[in-house]
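Enquirer: Before anything else, here's the structure in question.
The values are calculated or read from the model by the stated rules, or taken from the named source; none is laboratory data. Keep in mind the model is a prediction, meaning the values are calculated, not measured. Virtual Cβ from ideal backbone geometry, glycine too; neighbours counted across all protein chains shown. In case anyone asks, the SASA skips ligands and DNA or RNA and just uses the protein heavy atoms, side chains included. Shrake-Rupley method; radii C 1.70, N 1.55, O 1.52, S 1.80 Å.
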Amino acid sequence: MGETSATIAAANPQNDYLGIEVHTPGVGSLCKLVAENGLTNQRIVQHDAVDVLREMIQPAALSGVHIFFPDPWPKARHHKRRLIQASLVALLASRLKAGGYIHCATDWENYAEQMLDVLSPSPCWKTRLIILRLVRIIVR
């Protein structure tokens, strides 16, 4: 709902942040926090994150990516719909600057395990000199 994004933007006014969200209440909540806190370094896009990364973000443009509690799609037959997939990780690797990072959080144990499997070091990280800094998983 934008609380963490707004907190990070407020704590780091020297950095610019782009929030990407499809859920309308989440966008509205973050817009409200941006206005209430007078944040000038937080922008919001209401669209599919994969499309935004593919079509609107230049290669090597991002210093880091924070992914907070993506839809876990808990049923096994729906796991293919999860955001954290090998194809997204490759796309993120192409959009991150050297030394960039990915930070993910989920509260679904099964999804946390998948995230760790997908985000474990791979050749795409090494060839772009990307550092996989921290994957913080919150498990119930």
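Enquirer: Counting only protein heavy atoms and a 1.4 Å probe, tell me what percentage of the chain's accessible area is made up of carbon and sulfur. Each step should come with its number before you reach the end.
Expert: Working: 4690 of 8440 Å².
Roughly 56 percent, rounded to a whole number.
Enquirer: Next question. Could you compute the FRET efficiency for T40 and A98, with r as their C-beta to C-beta distance and R0 at 30 Å, rounded to 0.05?
Expert: Values: r = 27 Å, r/R0 = 0.92.
About 0.65, to the nearest 0.05.
Enquirer: First select every other residue whose beta carbon is under 9 angstrom from the beta carbon of L62; then total the charges, Lys and Arg +1, Asp and Glu -1. Could you put the intermediate results ahead of the total?
Expert: Numbers: positive: R95, K97; negative: none.
Net of charged neighbours comes to +2.
Enquirer: Report, by chain and number, residues whose modeled amide H sits under 5 Å from the one on G19, excluding near sequence neighbours (fewer than 5 apart, same chain).
Expert: Amide H neighbours of G19: R43, I44, V45.
Enquirer: Quick one: Karplus J couplings for region 101-109, per residue in order, coefficients 6.51, -1.76, 1.60, θ = phi - 60°, nearest Hz, x for Gly and Pro?
Expert: 9, 10, 10, 10, 9, 8, 10, 10, 4
Enquirer: From the backbone phi of region 50-57, what are the Karplus-calculated ³J(HN,Hα) couplings (6.51 cos²θ - 1.76 cosθ + 1.60, θ = phi - 60°) in whole Hz, Gly and Pro given as x?
Expert: Here the 3J(HN,Hα) series is 5, 4, 4, 4, 6, 9, 10, 10 Hz.
Enquirer: Per residue, how large is the accessible surface of region 18-72? Use a 1.4 angstrom probe and give square angstrom. Spell out each step's value before the answer.
Expert: Working: 3250 Å² over 55 residues.
Normalised by residue count, the accessible surface of region 18-72 is 59 Å².
Enquirer: Taking 0.36 nm per residue of sequence separation and subtracting the Cα-Cα distance, how much length would be gained by fully extending the chain between S120 and S87, in nm to one decimal? Please report the intermediate quantities before stating the final value.
Expert: Numbers: separation 33, 0.36 × 33 = 11.88 nm, distance 1.36 nm.
Going from the current span to full extension adds 10.5 nm.
Enquirer: Turning to a different aspect of this structure: Given R₀ = 25 Å, what would the calculated FRET efficiency be for D48 paired with E109, taking r from the Cβ atoms and rounding to 0.05?
Expert: Values: r = 26 Å, r/R0 = 1.04.
The calculated FRET efficiency here is 0.45.
Enquirer: What value, in deg cm²/dmol to 500, does the helix sum -39500 (n - 2.57) over DSSP H runs of n ≥ 4 give at 222 nm once divided by the residues of the chain? Could you put the intermediate results ahead of the total?
Expert: Working: 6 runs with 57 residues, N = 140.
Here the helix-only value at 222 nm equals -11500 deg cm²/dmol.
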